[in-house]
Amino acid sequence: MNGDGSPGSAAALAAQLTREGHLAPAWRDAFAQVDRARFLPDRIWVRGGSRGEAPGEGGYHPVDRAADPARWHTLAYEDRALVTHVEDPHLTDDGTETARVPVSSASMPRIVARMLDALDIDRDVAGTDSVSAGGTGTNGIRVLEIGTGTGYNAALLSHRLGDRNVVSVEVDPRIADTARANLKAAGHAPTVHTGDGTQGASAYAPYDRTIVTCALHTVPHALVEQTAPGGVIVLPWGTGLYNGVLLRLTRTTDPATTDPATASGPVIGDSAFMWNRGEIPHRDVMATVRAHPATGTAPAATGLDPRAVFGDEDATFTAGVLVPGCRYSVGHGPEGEFTLWLADHATGSWAGVDYVPGAGTHPLQQHGPRALWDEVREAYGWWRRAGSPARTRYGLTVTPTHQYVWLDTPNHPVSRPMDRTAPVCDGH
Ligand SMILES: C[S@@+](CC[C@H](N)C(=O)[O-])C[C@H]1O[C@@H](n2cnc3c(N)ncnc32)[C@H](O)[C@@H]1O
């Protein structure tokens, strides 16, 4: 065990997170006792940083414990996300090898700490303080986790609440098996269920808390139904333009309301997570553009600088809410010029805006049934007229049939109620 506080240990990671203000006192012991390294495979993947690449550039490259034990060990206790499973690389139509696609990871420890703190497990549903930091689970709070991944998060919860009060669901059977083995080796035995977490885990419901560790766009109503009235749901939420924010929803407490199985709550911060496997947006914007060549479109231009929208995270978040199904990518030129591409794969619509430094207007192409740049421009105009609200002023309400995004209060919806039978992401 690395409980001695030495560099490169669970205790040192807990101390660092505490020093930097990321770890609530109630979770310090759990982070110091549950050894993150035990939950990592011998091969982990980090982005960029291989020969000739700056961090953040390029694809993911492996760090093998056997070949580079010092680096592997250092990474295990750093406050950074580590990819633990990747899909095999594959060749595209033109014969080039694509970057490996990460499918599971150990999340960044400060985000893990933030989400666990937001669950508020120290209070039972009636509002009574009762869980000790030492973790005996005396208040009987029961937690459902979606996205078991390595099992680290489930182990932290088990440490605080006891194995019997933690149920975790993982969609990928190989990853679920590995998580079970990791948990067992670390002395924990929460229930790990293999299945699609968007269905929840009804056999063990109800739960007092639900934590989702893959990004959702459509919040499944099963998660609301299986969370007890007054319970809390913490989840990463994203759109095709912005992945994403952290939401903290509270399940309706009043059984007398006409719509009791409703959950609602605000954005409480940022979080970029891997997508729920059923909602991965179409990855390749340019494939949509290439598949639908523009023919005979009249030259057009826009006076809106694309950086005003895509250089401001609050504006981008708002555009993601108001322009469903849209993705973007940017092709950079050598002199600061770039083309912003927008695409909606489901309808084959796309737009391209050319930015040239110093130019007052920007050449524009739009193609297909949706005028995507016009939609983005209207969303931006709405955001400006609303006073350029920060994304933490938004929230989400989920009912049995719909979900909608609101500004400041649930009675100020900003998105059309979205029928969950017509998800925004196209599932590719
Ligand atoms: C960021 S990782 C989770 C990290 C994890 N909580 C941990 O402590 O290591 C996201 C996980 O969600 C899983 N996942 C994605 N979609 C899912 C779904 N619909 N149901 C259950 N698990 C899902 C992925 O396979 C992946 O293992």
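Since every read-out is calculated from the coordinates, none of them should be taken as a lab result. All values reported here derive from a predicted model rather than from experimental measurement. Using ideal geometry, Cβ is built from the backbone for each residue, glycine included, and neighbour counts are taken over all protein chains shown.
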Would you mind ranking His332, His193 so that the residue whose beta carbon has the fewest other beta carbons within 10 Å leads the list?
-> His332, His193
Full-stretch length increase - Arg385, Asp312 - with 0.36 nm per residue and alpha-carbon distance subtracted = 24.7 nm
Estimated FRET transfer efficiency when R0 is 35 angstrom, pair Ala371-Ile268 (beta carbons, to 0.05) = 0.55
Round to the nearest 0.05 the FRET efficiency obtained for His412 and Ala222 when R0 = 30 Å and r is the Cβ-Cβ distance.
-> 0.65
Extent of the stretch 200-257 along each principal axis, from alpha carbon coordinates, in Å, largest to smallest?
-> 37, 26, 14
Sort Trp275, Trp27 so that the residue with the fewest other Cβ atoms within 10 Å of its own Cβ comes first and the one with the most comes last.
-> Trp275, Trp27
Stretch gain in nm, segment Ala67-Ala359, where the contour uses 0.36 nm per residue and the Cα spacing is subtracted | 100.0 nm
How big is Rg to Rh over the stretch 109-279, alpha-carbon atoms, Rh as the Kirkwood inverse-mean-distance radius?
-> 0.94
Hey, with R₀ at 25 Å, roughly what FRET efficiency would Glu337 and Arg110 work out to, going by the Cβ-Cβ distance, to 0.05?
-> 0.10
So, in nm, how far is label His402 from label Val330 when the simple model puts each one 7 Å beyond its Cα toward the Cβ?
-> 3.5 nm
In Å and whole numbers, how far do the C-alpha atoms of the stretch 285-385 stretch along each principal axis, longest first?
-> 33, 32, 22
Extension gain Arg283-Arg80, at 0.36 nm per residue separation less the Cα-Cα distance, in nm?
-> 70.7 nm
Taking the Cα centre of the stretch 285-385 as the origin, how large is its charge dipole in debye, to the nearest 20, when only Lys and Arg (+1) and Asp and Glu (-1) carry charge on their Cβ atoms?
-> 220 debye
Cβ-based exposure ranking for Asp374, Asp120, in which fewest neighbours within 10 Å come first | Asp374, Asp120
